[in-house]
Amino acid sequence: MTDENDALDTGTVAALARFAGYPPFEPETLARIAAGASNAVAAVRASATGPLFDAEPGAFLAELERQAEPPR
């Protein structure tokens, strides 16, 4: 389902898991997680019929900062 160029690699999955506090995974587990996550991203891309964000890409950082502000 996922284009090979868009697939997550196991090194990225391992780094994200480490960052999230998970213990090290076996290489086979990393490969399964990478494949599943890549397929999930591909499914979301395929089902998107409009823009995923209200902001233009050039304004994305400012939009994230705006959303991080505490509610008034």
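The values are calculated or read from the model by the stated rules, or taken from the named source; none is laboratory data. What you see is a predicted model, and the numbers here were worked out from it, not measured in a lab. Cβ sites come from the backbone with ideal geometry, for glycine too, and all protein chains shown count toward neighbours. Ligands, DNA and RNA are stripped out before the accessible areas are found, and what is left, the full protein with its side chains, is counted by its heavy atoms. Shrake-Rupley method; radii C 1.70, N 1.55, O 1.52, S 1.80 Å.
Applying the condition of being part of a helix (DSSP H, G or I) and touching a helix residue (DSSP H, G or I) at 6+ places or on another chain (Cβ under 7 Å) to region 11-36 and asking which residue is most open to solvent (accessible area, probe 1.4 Å) yields P27. Only residues in region 19-35 that are closer than 14 Å to D9 by Cβ count as the first member; pair them with residues that are of a type in the set (S, T, N, Q), Cβ under 6 angstrom, at least 6 apart or cross-chain, and list the lot. Listed by first residue and then by second, the contacts come to L30/T10; A31/T10; A34/T10.
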